[in-house]
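Shown next, in structure tokens, is the structure this report addresses.
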Amino acid sequence: MSLGQKVAIALSGGVDSAVAAALLRRHGRELQAVHLALSPLASAADRAAILAQCLDIPLTVIDLKREFAREVVDYFVSEYARGRTPNPCVRCNAAIKFGRLWEILREEGFTHLATGHYARLQPAEDGAPGLFRGVDRRKDQSYFLSRLPRGLLPNLLFPLGAMTKEQVRQVYHELRLPRWENHRESMELCFIPEGTYQDFLLGQRGFSGPPGDFVDSQGRHLGRHRGLECYTVGQRRGLGIPAREPYYVIDIQPEPNQVVLGHRQELFSLGLLASRVNWLIDPPGGELEAVAVIRYRHPGVRARITPLTDAQVRVDFDTPQSAVAPGQAVAFYDGDRVLGGGWIEERQVSGFSLTPGAFPNP
């Protein structure tokens, strides 16, 4: 980095961001640590302060509770109320961590924002930085970053992208930084420190989850459910509906307050429709071959992506995929490079051949 560049490091209070800060300091970076106060239910400001002191980095706490409640928590609740499966981490990264925070930092003259995400920034064919998977595939977080603005990539630093989690822990140990008891992994929902997400939803003002009907794909009554918030697409356990062949949740319908159940083969989709697509490459003018990742930890599937409008695409899978959930994020990859991503609106099931052995295990 050249002179005149001013770097902020987002310091969460955990291992990853602390090691990211330490690595930047090793390379002579002048840093300002920032800690985001996002939720009154979970705060690690004290831990961040201790780590900043140990690392000899000045720390500023930025209160974004109001923005976080509006952009992430309200979104989380409303999506479940609509029978969808939200992804608050994808939403938070785009709207808060690399959205509102970056606006504040830029106004204060910062040129770069560094975080402890496991992802890489590398020059692409045009010389501009592209977003790539982290080297540690078990911890790779590029999926959660697929909705970042392309123009922001030159202003980001991901020091952990080429490291494994074991290497990061080793550096943390070598630095003799504090060890926290009962520290939660950053993948968990920061605004639900205790209990289940269903408990959290029922505790929100205005959210109600009345019981309703289980039905099959033909609309036949199968039993009663406990409330839409208790179920997600692909769920098998906890349904309480006896059958010779196990039932799975294949759809959630808020208007009639119904949960649609089906057998394993009914979980699979030929493709999906996605909206609000964000491209990290030049938007394709026609069909694009890529790998589609439909949820975190999904291994990905070869797919044909067809633009329908500037912000909508149809995704046709090479092989049927299980548990495509409206509301989740889909990310597109070419090898390790993230091409972009959008929000899943609906799954495509027409044209299935329900022959024995046509579907892999879910």
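Projecting the Cα atoms of Gln53, Phe68, Pro40 onto the charge dipole of the chain (Cβ charges, centred on the Cα centre) puts Gln53 farthest toward the positive pole.
Spatial offset of the range 150-180 relative to the range 6-38 amounts to 9 Å, using the alpha carbon center of each.
With K and R counted +1 and D and E -1, the other residues having a Cβ less than 11 Å from that of Leu36 yield a net charge of +1. Per residue of the chain, the DSSP helices (runs of n ≥ 4 H) give a summed -39500 (n - 2.57) that works out to -4500 deg cm²/dmol at 222 nm. Projecting the Cα atoms of Trp279, Ala21, Gln218 onto the charge dipole of the chain (Cβ charges, centred on the Cα centre) puts Ala21 farthest toward the positive pole. Classify the range 23-148: rounded, prolate or oblate, from the alpha-carbon gyration tensor (a ≥ b ≥ c, eigenvalue square roots; a/c under 1.5 rounded; otherwise prolate if a/b is larger than b/c)? It comes out oblate by the Cα gyration axes. How would you classify the range 82-139 from its alpha-carbon gyration tensor, with a ≥ b ≥ c the square roots of the eigenvalues: rounded for a/c under 1.5, else prolate if a/b is greater than b/c, otherwise oblate? Oblate shape, in that a/c is at least 1.5 and b/c is the bigger or equal ratio.
Binning the alpha carbon pair distances of the range 233-362 at 5 angstrom intervals from zero yields the distribution 2, 11, 20, 22, 18, 13, 9, 4, 2, 0, 0, expressed in whole percent.
Distance from the C-alpha centroid of the range 188-246 to that of the range 281-334: 27 Å, rounded to the whole angstrom.
What residue among Ile305, Ile104, Ile96 has the largest mean-square fluctuation in a Gaussian network model of the chain, using Cα springs under 10 Å? Highest fluctuation among the options: Ile104. Under a model in which nothing but the beta-carbon of Lys, Arg (+1) and Asp, Glu (-1) is charged, the range 1-110 shows a dipole of about 220 debye around its Cα centre.
Only the Cβ atoms of Lys and Arg (+1) and of Asp and Glu (-1) were treated as charged; on that basis the dipole of the chain about its Cα centre amounts to roughly 600 debye. Show log10 I(q)/I(0) for the range 1-73 at q = 0.23 Å⁻¹, two decimals, from a solvent-free Debye sum over equal Cα scatterers. For the range 1-73 at q = 0.23 Å⁻¹, log10 I(q)/I(0) is -0.97. Other residues lying with their Cβ under 9 Å from the Cβ of Val324 contribute a combined charge of +1, Lys and Arg counting +1, Asp and Glu -1.
Working from Cα pairs under 8 Å separated by at least six residues, relative contact order for the chain is 15 percent. Derived value for the chain: Kirkwood hydrodynamic radius 22.0 Å. Basis is the mean of 1/r over every pair of different alpha-carbon atoms.
Every number in this text was worked out from the coordinates using simple rules, so none of it is lab data. Owing to the predicted nature of the structure, the values given are computational and were not obtained by experimental measurement. In this analysis, Cβ positions are derived from the backbone assuming ideal geometry, glycine residues included, and neighbour counts consider all displayed protein chains.
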